[in-house]
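The values are calculated or read from the model by the stated rules, or taken from the named source; none is laboratory data. Being a predicted model, the structure only gives us computed values, none of them experimental. As a convention, Cβ positions derive from the backbone with ideal geometry for all residues, glycine included, and neighbour counts pool all protein chains shown. With ligands, DNA and RNA removed, areas are computed over all heavy atoms of the protein, side chains included. Shrake-Rupley method; radii C 1.70, N 1.55, O 1.52, S 1.80 Å.
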Amino acid sequence: MARKAAGRPPEETLSLWKREQALLKTLVVDRDTEAWQRDPAFSGLQRVGGVDVSFVKGDSVSACASLVVLSYPELEVMYEDCRMVSLTAPYVSGFLAFREVPFLVDAVQQLREKEPRLMPQVLFVDGNGVLHHRGFGVACHLGVLTDLPCIGVAKKLLQVDGLENNALHKEKIRLLQGGGDSFPLMGGSGTVLGMALKSHDHSTKPLYVSVGHKMSLEAAVRLTHGCCKFRIPEPVRQADIRSRDYIRRTLGVQGAPALRPERSKKAQRPKACPQGASEEPAGLSLPRVHQDQGVGGLRSAGWKPRRAGWA
């Protein structure tokens with residue numbers, strides 16, 4: 001029988017989540033912090049990462065969290081880690097991080113401990129960064145907790161601060177000519193929250209790129225375009241392919257939607273897999289602490305922010 005996640009959290013939990021977002025938002029850095037980000041050719045960038053959480057069909061509790069690291073500029077998979085997880089928080093608009101980020105933080109931490117030489121220099125996240133109801137989306141959340149540069153890449157426009165997917169917006173999309181063309185997403189407040197990017201010459205729909213952490217919007221857009229063999233940036237695309245493949249292999253063919261033919265060709269696994277990616281579902285304690293207790297819970301569980309200035 002398919003399992004369903006718990007219903008909408010009580011208001012006190014949502015208030016706690018809002019306070020945590022506001023606290024962590026003060027740590028977001030929206031400028032380039034690394035030398036390679038300021039180089040027109042991204043000289044010095046060697047490893048780009050992507051994360052994804054794929055869900056089991058008909059089951060809103062079981063999912064597969066994946067982290068991949070690709071070489072740059074070749075975009076070949078160097079590392080992958082997929083593991084089955086049990087979600088402990090329901091999806092609530094504006095609070096996606098509390099459902100997914102703890103598992104992704106855990107994957108990054110395990111890579112940092114086991115294979116530090118393979119740590120990505122930037123992470124692509126399938127979701128928004130500062131383009132968010134409260135200016136702190138999943139890409140910001142993951143960036144601050146891992147202290148890694150992060151880029152938010154969404155497939156649909158989040159309609160906040162007066163942004164609308166209206167006739168004017170669609171006309172701007174139509175005027176995008178070739179891969180790399182973009183236009184700013186300026187909200188009613190006058191703030192540029194992100195960019196709509198035509199990521200590939202043959203794409204008919206744009207991507208919505210926003211700053212996650214430790215990177216400027218200009219560099220984030222350029223790098224996103226540079227990592228697109230198809231519409232979706234290759235780090236996110238490969239994380240999605242491999243997480244769905246892992247679900248199929250672990251739970252059987254009916255455990256995940258079938259991949260499109262183009263994706264199945266690209267879903268070959270690397271020659272070497274990390275030891276952390278076992279075939280058995282991994283039990284994680286961090287997500288429950290994070291979701292139920294917030295920042296204080298993480299501290300009591302032994303998690304420490306990696307940025308200076310936190311006690």
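Structural remarks
- Separation in nanometres of the label points that stand 7 Å from Cα toward Cβ, at Val192 and Glu115: 3.7
- Label zone of Ser216 (point 7 Å out along Cα→Cβ, amide N under 17 Å): in region 190-204 this covers 192-195.
- For chymotrypsin sites (Phe, Trp or Tyr not before Pro), the sites in region 1-110 that DSSP calls loop and that have at most 16 other Cβ atoms within 10 Å are Tyr91.
- Scaled radius of gyration (Cα, divided by 2.2 N^0.38 Å) that region 115-154 gives: 1.19
- Shape analysis of region 23-79 places it in the oblate category; the axes a ≥ b ≥ c from the Cα gyration tensor give an a/c of at least 1.5, with a/b not above b/c.
- Packing-based order for 124-133, 67-76, using average beta carbon neighbours within 10 Å, highest first: 124-133, 67-76
- Net charge contributed by nearby residues that have their C-beta within less than 15 Å of Ile173 (K/R +1, D/E -1): +4
- With 31 Å as the limit, the listed pairs Lys18/Lys172; Lys155/Lys214; Lys18/Lys229; Lys57/Lys214; Lys172/Lys229 have Lys18/Lys172; Lys18/Lys229; Lys57/Lys214 beyond it between alpha carbons.
- Exposure of Ile247 as accessible area (Å², to 10), given a probe of 1.4 Å and all protein chains: 0
- Classification of region 36-144 by its C-alpha gyration tensor yields an oblate form. The axis ratio a/c (a ≥ b ≥ c) is 1.5 or more, and b/c is at least a/b.
- Low-density loop cleavage sites - trypsin sites (Lys or Arg not before Pro) in region 1-88, where at most 15 other Cβ are within 10 Å (DSSP): Arg3, Lys4, Arg31, Lys57
- Spin-label pair Glu12/Gln159, simplified geometry with 7 Å Cα→Cβ offset, distance in nm: 3.5
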